[in-house]
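Every read-out reported here was derived from the displayed coordinates using simple, explicitly stated rules and does not represent laboratory data. The structure displayed is predicted, hence computed values, not measured ones. Glycine gets a Cβ as well: all are built from the backbone with ideal geometry, and neighbour counts include every protein chain shown.
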C-alpha cells in the first residue's frame, strides 16, 4: 500500500516511514483502514521525538531502572521517564478534593454484587465453528426441556454440563462480579431471582443455560474504605493532564511538518 504522508519531521528531525510502519503494529485500527494505525503511530513518534529533543536540551543522561529482576528500561525509556519526572508538576489532591470526588457520585464506590447461580455448560472452543453450532443446538434443546419443566434443571445439569459444577446440579455457589466472564455476568444482571435466561448465553467457553437463584446488591463503601485508592486515582488523572499539557506546550513551540497532533 502506498503511503502518502512520508515527509514528517520535528524541528528538522525526520521520522523515517519505516519507523512509522513498525510502530503502526502497536496501534490497532478498524479492518480495512490501516491508514488510521499509520497516523496514530506517526503522532506517537512525533510526541516521543518532542520529548527526546527536550531531554537533549536539558542535557539529561539516561539512568535506566530495573523494572523486574533482569528486566531494565531502555535508555530511551529512561530518558522519557526522567524528563517527565523533572518537567511535569502535579499538585497533590487535598483531603477536601478527595472527599468531594467521593461525594460527587458515591455509587461509583459500591461493593460488587453477590450472586447465587447455576448453569449448564455446553463446551466448544472459540475457533471451532462446527463444535459451537452443535453446542448451541444442544443447549437450545435442553433449555426447551427446562422451560417446560424447570424442576429438571439439576438432573439435566448432571447429565449434560461440561462444568465440574454438574455434580451439584449446576450450582456455582456464591460468586461476585469478576468471578465469571463478562457475558455470563451480564446475563446474571439481566435476570430476576429464580429466573432462567430465555436463550443460551454464549461465551468463549461455549454456551450456558443460566439460572439466577439469588442476588445481593453490594453496599456503597464508606469514604474511609476508598480514600487511599481514590487519592491515587486523582493523582494519576492529575499527572496525565499535566503531562498532556507539557507535551502540548512542546508541540506549540516546535516546527512539526507532515502531520497534525490534534488527534494525539
If Rh is defined by the Kirkwood formula over all Cα pairs and Rg also comes from Cα, what ratio Rg/Rh do you get for region 114-216? 0.93
Amide N proximity, region 86-102 versus residue 237 label position 7 Å along Cα-to-Cβ, cut-off under 19 Å: 89-102
Computed over the chain: longest principal axis from alpha-carbon atoms vs helix 129-148 long axis, angle to nearest 10 degrees, is 40 degrees
Determine, for 39, 65, the number of other Cβ atoms within 10 Å of each Cβ, and report the residues in order from fewest to most. 65, 39
May I ask for the angle, rounded to the nearest 10°, between helix 223-253 and the longest principal axis of the chain, with both axes built from Cα atoms and the value confined to 0 to 90°? 40 degrees
Spin-label point model (7 Å from Cα, Cβ direction): what's the residue 53 to residue 22 distance in nm? 2.1 nm
In nm, the gap between the two label points placed 7 Å beyond Cα toward Cβ at residue 134 and residue 85 is 5.8 nm
Cα-based Kirkwood hydrodynamic radius, the chain, one decimal, Å: 23.7 Å
Could you check the simple spin-label distance between residue 44 and residue 228, using points 7 Å along Cα→Cβ, in nm with one decimal? 3.4 nm
What FRET efficiency comes out for the pair residue 60/residue 9, r = Cβ-Cβ distance, R0 = 22 Å, nearest 0.05? 0.50
Using only Cα atoms, tell me the angle between helix 95-104 and the longest principal axis of the chain; keep it within 0 to 90° and round to the nearest 10. 40 degrees
What's the FRET efficiency of residue 74 with residue 154 using the Cβ-Cβ distance as r and R₀ = 51 Å, to the nearest 0.05? 0.35
On a full-extension model of 0.36 nm per residue, what is the gain between residue 216 and residue 33, subtracting their alpha-carbon distance, rounded to one decimal in nm? 61.4 nm
